[in-house]
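Remarks on the structure that follows.
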Amino acid sequence: DQQVKQNSPSLSVQEGRISILNCDYTNSMFDYFLWYKKYPAEGPTFLISISSIKDKNEDGRFTVFLNKSAKHLSLHIVPSQPGDSAVYFCAASLGGATNKLIFGTGTLLAVQP
Amino acid sequence: ETGVTQSPTHLIKTRGQQVTLRCSSQSGHNTVSWYQQALGQGPQFIFQYYREEENGRGNFPPRFSGLQFPNYSSELNVNALELDDSALYLCASSLLNYEQYFGPGTRLTVT
């Protein structure tokens, strides 16, 4: 049962344009969502997070939007840079004592110069 | 500030053998979580240790076990290795209920 889904395996964007990565989830009890970026041969790097009580969080070029009614979140990168090319994972947490993360399958973003 | 480190980087084992993977947490963090990432998949939660006690476990069999030491470093042990255990094993450290920071992973190949 895939509780966190990233339906686009890959995305290609021109440098300077907006990249929009999408994520859907099924469990309405998730209380925290995170985005991680992963380069080959490295571990995932934390990018940005959002609590379920908010609908937007912004950090520099990165903005995450949460639509609880649609059980959907998205990561916007503006402007996109070639160094942003990586696999992006969406993750969700049920909170509580363990705070285990449930990950999607990832989206490979390629930013073309 | 030292980040999360893992050893070894790569490992090749034979089916039925046992393996121990190691993780040093980021300075100041008291929680370590382990994840398995199979090819083409997202990381899957194995278990978490908080102050040397197991603090939650994912859907993995008992042959996956772990330890956390007083300095908050951690080990993941896998007994009776199976071919499907071939994966990238990721360790993440954090303060409990805060963002998790990942190490570079250990690539395990079981032949």
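Which residue is modelled with the lowest pLDDT, if the candidates are limited to the stretch B:92-111 and must be more than 7 Å from chain A (Cβ to nearest Cβ), buried (at least 19 other Cβ atoms within 10 Å of the Cβ) and over 11 Å from the mean Cα position of the chain (by Cα)?
My answer is B:94.
Could you grab me the full set of residues in the stretch B:2-12 that are assigned to a strand (DSSP E or B), more than 13 Å from chain A (Cβ to nearest Cβ) and open to solvent by less than 50 Å² (accessible area, probe 1.4 Å)?
Result: B:11, single match.
Okay, residues lined up against (1) open to solvent by 40 Å² or more (accessible area, probe 1.4 Å); (2) in contact with a His (Cβ under 8 Å, 6 or more places away or on another chain):
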| residue | (1), (2) |
| --- | --- |
| A:24 | yes, yes |
| A:49 | no, no |
| A:58 | yes, no |
| A:70 | yes, no |
| A:86 | no, no |
| A:94 | yes, no |
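Do we have any residue at all in the stretch A:36-50 that's within 10 Å of the chain's Cα centre (by Cα), modelled with pLDDT of 95 or more, closer than 13 Å to residue A:74 by Cβ and of a type in the set (Phe, Trp, Tyr)?
No, there is no match, as no residue in the stretch A:36-50 is within 10 Å of the chain's Cα centre (by Cα), modelled with pLDDT of 95 or more, closer than 13 Å to residue A:74 by Cβ and of a type in the set (Phe, Trp, Tyr).
Could you list all residues from the stretch B:60-80 that are charged (D, E, K, R) and farther than 17 Å from residue B:105 by Cα?
B:63
Which one of these does residue B:61 not meet: (1) buried (at least 20 other Cβ atoms within 10 Å of the Cβ); (2) more than 8 Å from chain A (Cβ to nearest Cβ); (3) part of a loop (DSSP other than H, G, I, E, B); (4) not charged (D, E, K, R)?
(1)
Take the stretch A:61-113 and flag every residue that is within 13 Å of chain B (Cβ to nearest Cβ), more than 11 Å from the chain's Cα centre (by Cα) and on the phi > 0 side of the Ramachandran plot.
A:95, A:96, A:99, listed by residue number.
Show me the strands (runs of 3 or more DSSP E) found entirely inside the stretch A:1-88 where at least 1 residues are more than 24 Å from residue B:92 (Cα to Cα).
Of the strands (runs of 3 or more DSSP E) lying wholly inside the stretch A:1-88, those with at least 1 residues that are more than 24 Å from residue B:92 (Cα to Cα) span A:10-14, A:19-25, A:56-59, A:62-67, A:72-77.
Among the residues of the stretch A:11-24, is there at least one that is of a type in the set (Asp, Glu), away from chain B (no Cβ under 12 Å) and out of contact with any Lys or Arg (no Cβ under 8 Å at 6 or more places or on another chain)?
So in the stretch A:11-24, the residues of a type in the set (Asp, Glu) come out as A:15, A:24.
Restricting the remaining residues to those that are away from chain B (no Cβ under 12 Å) gives A:15, A:24.
Right, trim to out of contact with any Lys or Arg (no Cβ under 8 Å at 6 or more places or on another chain) and you get A:15.
For the stretch A:11-24, residues of a type in the set (Asp, Glu), away from chain B (no Cβ under 12 Å) and out of contact with any Lys or Arg (no Cβ under 8 Å at 6 or more places or on another chain): present.
Cβ contacts < 7 Å: first residue over 16 Å from residue A:29 (Cβ atoms), restricted to the stretch A:56-71; second residue among the acidic types (Asp, Glu) and part of a loop (DSSP other than H, G, I, E, B), any location; separation 6+ or different chain. Result?
A:65/A:55
Give the stretch B:27-54 a look and list any residue that's of a type outside the set (Val, Ile, Thr), under 14 Å from the mean Cα position of the chain (by Cα) and open to solvent by less than 80 Å² (accessible area, probe 1.4 Å), or say none.
B:33, B:34, B:35, B:36, B:37, B:38, B:43, B:45, B:47, B:48, B:49, B:50
The values are calculated or read from the model by the stated rules, or taken from the named source; none is laboratory data. It should be emphasised that the depicted structure is a prediction, and the values quoted were computed from it without experimental measurement. Virtual Cβ from ideal backbone geometry, glycine too; neighbours counted across all protein chains shown. The accessibility values were calculated without ligands, DNA or RNA, using every heavy atom of the protein model including side chains. Shrake-Rupley method; radii C 1.70, N 1.55, O 1.52, S 1.80 Å.
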